[in-house]
Structures are given as structure tokens and as C-alpha cells.
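This report refers to the structure that appears directly beneath it.
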Amino acid sequence: QVQLVESGGGLVQAGGSLRLSCTASKRTYLMGWFRQAPGKEREFVARISRSGGITYAADSVKGRFTISRANADNTVYLQMNSLKPEDTAVYYCAASLSGKIEWLISDVNYWGQGTQVTVSS
């Protein structure tokens with residue numbers, strides 16, 4: 001079992017920034033983020049390798065969001081810049097053993113509880 005504890009969500013104006021954090025109880029997994037907007041399916045946002053050397057972000061956030069990892073304390077971060085109202089969603093931390101570039105929901109082994117991000121226009 002892996003526990004994922006998230007923090008960092010909140011309300012921000014368009015163009016602003018937020019940083020999400022997720023601490024895992026074990027380091028053995030690749031980690032990433034998904035998000036789910038009201039009435040929409042959960043979608044992949046970004047993922048990072050165990051070492052932190054390989055990252056991938058969805059086209060919708062590429063160039064604005066950066067995923068990073070601090071292995072000393074098993075924490076993954078999602079730095080979100082230039083936020084848009086369409087980024088409003090519940091963001092979920094994810095842990096997976098999948099080596100795929102872009103994860104599907106079925107590739108995720110463990111989920112965090114989710115943190116709300118709201119971007120006002």
C-alpha cells in the first residue's frame with residue numbers, strides 16, 4: 001500500500017501561479033498528476049520518473065506546468081504558472097508502475113485524495 005498526501009490547492013486569479021505537493025509513503029513508484037473538472041472525465045496532466053530525470057506533460061499544460069520530484073522526502077511537485085479558468089479542477093496525485101509516456105486512469109496504482117484548484121477570470 002502507498003499513501004499519497006496532497007496539499008497546495010486554492011483559489012487564484014487567471015495568470016497566477018500555484019504549487020501542488022504530494023508526499024508518498026514509498027519511493028518505488030513513478031508519480032504524476034491527473035485532474036478532473038466538473039462534468040468531465042479525469043485526465044492526465046504530467047508524470048515523472050523515479051529518479052526525476054524524465055518528465056512528460058500533456059499538451060494542454062506543456063510550457064505552463066512543471067513537474068518535479070524531491071526524492072529525499074518522496075515528494076512530487078506540480079508548479080502551475082499562467083493559470084487559466086479552464087485549469088479549474090480537482091487535482092489528483094497518482095503513483096504508478098507504468099512506463100507509458102502518458103498514463104491512462106487504468107495505469108494508476110494509487111491515488112491521492114484530491115485538492116481543489118479554482119482559477120477565476
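Leaving out ligands, DNA and RNA, what percent of the accessible area of the chain is carbon and sulfur, probe 1.4 Å?
49 percent
³J(HN,Hα) across region 11-19 via Karplus (A = 6.51, B = -1.76, C = 1.60, θ = phi - 60°), whole Hz, x for Gly/Pro?
Calculated HN-Hα couplings, in order: 10, 9, 7, 4, x, x, 9, 9, 10 Hz.
Taking the DSSP beta bridges in the chain as the whole, what percent of them are antiparallel, to the nearest 5?
Expressed as a percentage, antiparallel bridges in the chain total about 90.
May I ask you to derive the FRET efficiency for residue 51 and residue 82 from their Cβ-Cβ distance with R0 = 25 Å, giving the value to the nearest 0.05?
On the way: r = 28 Å, r/R0 = 1.10.
Here the calculated transfer efficiency is 0.35.
Output the relative contact order of the chain, whole-number percent, from Cα pairs under 8 angstrom with separation of 6+ residues.
Details: 304 pairs, mean separation 41.8, N = 121.
Once divided by the residue count of the chain, the mean separation gives 35 percent.
Size of the dipole of the chain about the Cα centre, Lys and Arg at +1 and Asp and Glu at -1 on the beta carbon, nothing else charged, in debye to 20?
240 debye
Toward the positive end of the charge dipole of region 1-83, about the Cα centre and with charges on Cβ (Lys, Arg +1; Asp, Glu -1), which of 15, 33, 72 goes farthest?
After comparing all options, I get 72.
5 Å is the cut-off here: which amide hydrogens, built 1.01 Å from N in the peptide plane, fall below it relative to residue 84, excluding neighbours closer than 5 in sequence?
15
By what distance, in whole Å, do the Cα atoms of the chain stretch along each of the three principal axes, largest value first?
39, 28, 24 Å, listed from the longest principal axis down.
Need the list of lysines near residue 26 for cross-linking: C-alpha distance under 27 angstrom, and skip anything on the same chain fewer than eight residues off.
The reachable lysines, counting only those whose Cα sits under 27 Å from residue 26, are 100.
Around residue 104, under 12 Å between beta carbons, what's the net of Lys plus Arg minus Asp minus Glu among the other residues?
Summing Lys/Arg as +1 and Asp/Glu as -1 gives -1.
So how far apart, in nm, are the two label points at residue 105 and residue 71 if each is 7 Å from Cα heading toward Cβ?
Placing both labels 7 Å along Cα→Cβ, they lie 3.2 nm apart.
What list of ³J(HN,Hα) couplings, whole Hz, do you get for region 92-107 from phi and the Karplus terms 6.51, -1.76, 1.60, once you set θ to phi - 60° and write x for glycine and proline?
10, 6, 9, 10, 8, 9, 6, x, 4, 5, 10, 7, 9, 4, 5, 7
The values are calculated or read from the model by the stated rules, or taken from the named source; none is laboratory data. Please read these numbers as outputs of a predicted model, since none were measured by experiment. For neighbour counting, all protein chains shown are included, and Cβ atoms are generated from backbone atoms with ideal geometry for every residue, glycine included. Surface areas here come from the heavy atoms of the whole protein model, side chains and all, with no ligands, DNA or RNA. Shrake-Rupley method; radii C 1.70, N 1.55, O 1.52, S 1.80 Å.
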